[in-house]
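Enquirer: Quick one: structure below, then a few questions.
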Amino acid sequence: GIRRLVLVPVVALALVAAACGDSGTTTAAPTTSAAPTTTAAPTTTAAPTTAAPTTSEAGIDLAALEADLAAAVDAWMAENHAPGVSLAVELADGTLVTVARGVADLDTGEAVTPDDYFRIGSISKTLTAAVVLQLVDEGLIDLDAPVADYLGPDWAPGSPFADIITVRQLMNHTNGFIEYAFDPGFYIQAAQRVETPYTPQEILQFVAGREPLFEPGTDYSYETGGFVAAGLIIEKVTGNRAADEMRRRLFDPVGATELYLTPQEFPPSPVVHGYARAELADALLALNVLPPEEATHTVGDETFVDVLAGPQAVLQSAGWTGGGIEAQLDDLALVFGALFDGTLLSDAALAEMTTTVPDHDYGLGLSVGERAGHRTYSHGGGVPGFRSHAAYLPDDGITLAFSTNLIPVDPDVGALAADVIEIVTSLG
């Protein structure tokens, strides 16, 4: 009825900050005095590192480091009432430290572990860009060629600029497409087909059918459809599924098995339960896509809505190469760091990725900035139920990746990232 139509735009508004590439570059997100004063979701002890060394090659006390990281995560969770967090840090000497706190399921109280899967959202964009840049090195893709050279003239039906948008513009948000994750019409459409997966072509048809925000190359506006098109280009020039190319090129070389590009592949067990709050929770209920009795949880004086209580077909297909990966955070950290240490990308590819759009901090699938006084290459992720962050510190050789099963969160992920960076850069 009326309530449903009024609340639909709120979904878009609630995801605007979350879906964007990062959560700010230099300052942590402000806290709010409106946060409820109830106790936070229960936490668990840091996950044991069975048979792990007690010190790193550099002589770092890993038990003390885990305790410090766990305390930072706990403090952040207490402020924003997040049910759970999975965090992984790869130190400069290659030591991998994992911390898992809180609960994966508010119903059962089951603890989060490092083996749990989270939806990492738009961090997927960084990995898609990396595959494209490898294909550039191999001479199969030209960043400044029109997309139509690879996908044909009808790749963006209805767009007046389909013949001139370039591959580069797909990945640096200068193509002029609207962000369908911010579009109320997309949510109305999706709510009517919750059990029918989206195809990449359907996503492109939706974004190309909306009036462009600007002529390609003249401005910047964060969006996801461009990376869906990039996924199709990967498939066109290789003859293989994007999921298979991503695994062969990025995951297998570093032994990272536990990342899955949905809907082409799925992890062996479902992701942890992800929760929406505030206006986003209200809107999801108003769209009638979740059963209220099963989905609704009271946390303090708030209502959290479990996005896993309803069909997952749309949630696992609308993002694809722009936001569809489900992963364990330790393997995400391994892959993300390997993009920048010479393992996966050439110097030329890295130079392209880190060259930012004028007056913006975004390159090709990557935010370039600074946090807690350290240079960062990073990307954020936000999808219903999950908020994530991954960063590499080029001057320190340190990678961090984490996800929480709540959206939106305040303080946002940038605040926790800053705390983690301060801890891991003060070692030794």
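Enquirer: For the range 184-217: of the residues being of a type in the set (D, E, K, R) and under 26 Å from PRO153 (Cα atoms), which is surrounded by the fewest Cβ atoms within 10 Å (Cβ to Cβ)?
Expert: GLU211
Enquirer: From (1) within 30 Å of GLN312 (Cβ to Cβ); (2) under 24 Å from the mean Cα position of the chain (by Cα); (3) assigned to a loop (DSSP other than H, G, I, E, B); (4) without any contact (Cβ under 8 Å) to a residue 60 or more places away in the chain, pick out the condition that doesn't hold for ASP219.
Expert: (1) is the only condition that ASP219 fails.
Enquirer: Kindly indicate which of PRO53, PRO83 is modelled with pLDDT of 60 or more, farther than 29 Å from LEU261 by Cα and either touching a His at 6+ places or on another chain (Cβ under 8 Å) or surrounded by fewer than 14 Cβ atoms within 10 Å (Cβ to Cβ) (or both).
Expert: Sole residue among the options that is modelled with pLDDT of 60 or more, farther than 29 Å from LEU261 by Cα and either touching a His at 6+ places or on another chain (Cβ under 8 Å) or surrounded by fewer than 14 Cβ atoms within 10 Å (Cβ to Cβ) (or both): PRO53.
Enquirer: With the structure loaded, tell me whether ASP183 is under 21 Å from the mean Cα position of the chain (by Cα) and over 21 Å from THR262 (Cα atoms) or whether it fails that test.
Expert: So ASP183 passes the test.
Enquirer: Just to be sure before I move on: is GLY319 within 15 Å of the chain's Cα centre (by Cα), within 30 Å of GLU279 (Cα to Cα) and crowded, with 24+ Cβ neighbours inside 10 Å in the structure I sent?
Expert: Yes; evaluated as a whole, the condition is true for this residue.
Enquirer: Could you give me the residue pairs with C-beta distances under 9 Å whose first residue belongs to the range 153-178 and is buried (at least 23 other Cβ atoms within 10 Å of the Cβ), whose second residue is at pLDDT below 95 and in a loop (DSSP other than H, G, I, E, B) wherever it lies, and which are 6+ apart or on separate chains?
Expert: Close Cβ pairs satisfying both conditions: HIS173/GLY21.
Enquirer: A further question on this structure: Only one residue in GLU279, GLU265, GLU294, GLU326 is touching a helix residue (DSSP H, G or I) at 6+ places or on another chain (Cβ under 8 Å), among the charged types (D, E, K, R) and either at pLDDT 95 or above or surrounded by 20 or more Cβ atoms within 10 Å (Cβ to Cβ) (or both), so which one is that?
Expert: The conditions single out GLU265.
Enquirer: Please find, among VAL289, VAL272, the residue that is assigned to a loop (DSSP other than H, G, I, E, B), modelled with pLDDT of 95 or more and touching a Gly at 6+ places or on another chain (Cβ under 7 Å).
Expert: VAL272
The values are calculated or read from the model by the stated rules, or taken from the named source; none is laboratory data. The shown structure was predicted, so the numbers you read here are calculated from the model rather than taken from an experiment. All Cβ positions, glycine included, derive from the backbone under ideal geometry; neighbour counts span all protein chains shown.
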